[in-house]
Amino acid sequence: SDLKAGEHYIIASGTSGSVNCVSNVSNTNNRKVVSASVSNSKITVGSTSTIMTLTLGGSTGAWTFSTDNYDGTAGFLNTTSTTSNNHLKIVASDDKYNKFSISFSDNAAVITCTGKSSRNIMRYNSASGQECFACYSSGQSPVYLYKKEAAAAKIDVTLSRNGVTETKSQQTSPYPLPTNEEDACDGWDFKGWTTESSVDGTTAPDFVTAATATGTYYAVYGKTESSG
């Protein structure tokens, strides 16, 4: 249910420690591998990495993987039409051998070409000297999908305290607003933050505890209530 067309993925051989990922360099008719480290269930992909990043397209039962950073002509992961071949290639045009069903078993992704009857399951070959990603009828090692994490939004937060402003630039949203504000002056207590620029005291402002968008957040003060 988390799969969504337009999102970006990489395909890897495991979920912890050192894993191998599909490379943007071909291995004749299959895909070479490039190693990466998994930390807190995340793989960090640098701008110069040869890890192939893929855009998911299509819909349930007919997903496609198009290349973001292939070293040749951009295209689609393709199993080829020849039943006896383990090929996993890149082709420029979309056809039925680019269409995959995706299910999950123990977190592993079962990626199966729906247009091919055998040697149609995307797997990782870990045999020494034969390491590659290709398509098989059975055996080999399972693969895992890693989804690109959306970058946290950055906002500019201006804090206005009794007419004095302070701007916090490029803060990660949501930005927690300070809770330990000092009193404006003797006899006045800090009540909270609001995006309302004018508070007349007749109605309670809408207080917020965190900034979620660029803008000015105003500190509201009220007279100290007497206890006697």
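The values are calculated or read from the model by the stated rules, or taken from the named source; none is laboratory data. Quick caveat: nothing in here was measured; it's all calculated off a predicted structure. Cβ placement follows ideal geometry from the backbone for every residue including glycine, while neighbour counts extend to all protein chains displayed. Quick note on the areas: whole protein, heavy atoms, side chains included, nothing else; ligands and nucleic acids left out. Shrake-Rupley method; radii C 1.70, N 1.55, O 1.52, S 1.80 Å.
Take the conditions touching a Pro at 6+ places or on another chain (Cβ under 8 Å) and either touching a residue at least 24 places away in the same chain (Cβ under 8 Å) or buried (at least 20 other Cβ atoms within 10 Å of the Cβ) (or both) and apply them to Ala108. Does it pass?
Details: touching a Pro at 6+ places or on another chain (Cβ under 8 Å): yes; either touching a residue at least 24 places away in the same chain (Cβ under 8 Å) or buried (at least 20 other Cβ atoms within 10 Å of the Cβ) (or both): yes.
It is true that Ala108 is touching a Pro at 6+ places or on another chain (Cβ under 8 Å) and either touching a residue at least 24 places away in the same chain (Cβ under 8 Å) or buried (at least 20 other Cβ atoms within 10 Å of the Cβ) (or both).
In the set Ser18, Ser37, Ser41, Ser93, which member is loosely packed, with under 12 Cβ neighbours inside 10 Å, at positive phi, out of contact with any Pro (no Cβ under 9 Å at 6 or more places or on another chain) and in contact (Cβ under 8 Å) with a residue 12 or more places away in the chain? Give the steps one after another, and end with the answer.
Details: Ser18 fails: at positive phi; Ser37 fails: at positive phi; Ser93 fails: at positive phi.
Residue meeting the stated conditions: Ser41.
Filter segment 75-84 down to the residues that are surrounded by fewer than 17 Cβ atoms within 10 Å (Cβ to Cβ) and either farther than 18 Å from Phe133 by Cβ or in contact with a Lys or Arg (Cβ under 7 Å, 6 or more places away or on another chain) (or both) and list them by number.
Ser81, Thr83, Ser84
Only residues in segment 166-180 that are at negative phi count as the first member; pair them with residues that are in a loop (DSSP other than H, G, I, E, B) and of a type in the set (A, V, I, L, M, F, W, C), Cβ under 8 angstrom, at least 6 apart or cross-chain, and list the lot.
Thr172/Ala152; Thr172/Ala153; Ser173/Ala152; Ser173/Ala153; Ser173/Ala213
Mind checking which strands (runs of 3 or more DSSP E) fall wholly inside segment 122-223 and carry at least 2 residues that are open to solvent by 70 Å² or more (accessible area, probe 1.4 Å) and out of contact with any helix residue (DSSP H, G or I) (no Cβ under 9 Å at 6 or more places or on another chain)? Write out each step before concluding.
On the way: elements: 132-136, 144-147, 154-161, 164-172, 188-194, 215-223.
The qualifying strands (runs of 3 or more DSSP E) are 164-172, 188-194.
Across segment 58-74, what is the number of residues that are among the hydroxyl-bearing types (Ser, Thr, Tyr), farther than 17 Å from Asn27 by Cα and surrounded by fewer than 16 Cβ atoms within 10 Å (Cβ to Cβ)? Let's see the steps before the verdict.
Let us first name the residues in segment 58-74 that are among the hydroxyl-bearing types (Ser, Thr, Tyr), namely 59-60, 64, 66-67, 70, 73.
Narrowing the set further to residues that are farther than 17 Å from Asn27 by Cα leaves 59-60, 64, 66.
Then drop every residue that is not surrounded by fewer than 16 Cβ atoms within 10 Å (Cβ to Cβ), which leaves 59-60.
Counting residues in segment 58-74 that are among the hydroxyl-bearing types (Ser, Thr, Tyr), farther than 17 Å from Asn27 by Cα and surrounded by fewer than 16 Cβ atoms within 10 Å (Cβ to Cβ) gives 2.
Name, by its number, the condition in (1) open to solvent by 40 Å² or more (accessible area, probe 1.4 Å); (2) touching a residue at least 12 places away in the same chain (Cβ under 8 Å) that does not hold for Thr55.
(1)
Out of Ser117, Ser138, Ser126, Ser105, I need the residue that is among the small types (Gly, Ala, Ser), at pLDDT 90 or above and touching a strand residue (DSSP E or B) at 6+ places or on another chain (Cβ under 7 Å). Which one?
Numbers: Ser117 fails: touching a strand residue (DSSP E or B) at 6+ places or on another chain (Cβ under 7 Å); Ser138 fails: touching a strand residue (DSSP E or B) at 6+ places or on another chain (Cβ under 7 Å); Ser105 fails: touching a strand residue (DSSP E or B) at 6+ places or on another chain (Cβ under 7 Å).
On inspection, the qualifying residue turns out to be Ser126.
Given the residues Gly163, Gly129, which is the only one that is closer than 30 Å to Ser197 by Cα and without any contact (Cβ under 8 Å) to a residue 12 or more places away in the chain?
Numbers: Gly129 fails: closer than 30 Å to Ser197 by Cα.
Answer to the check: Gly163.
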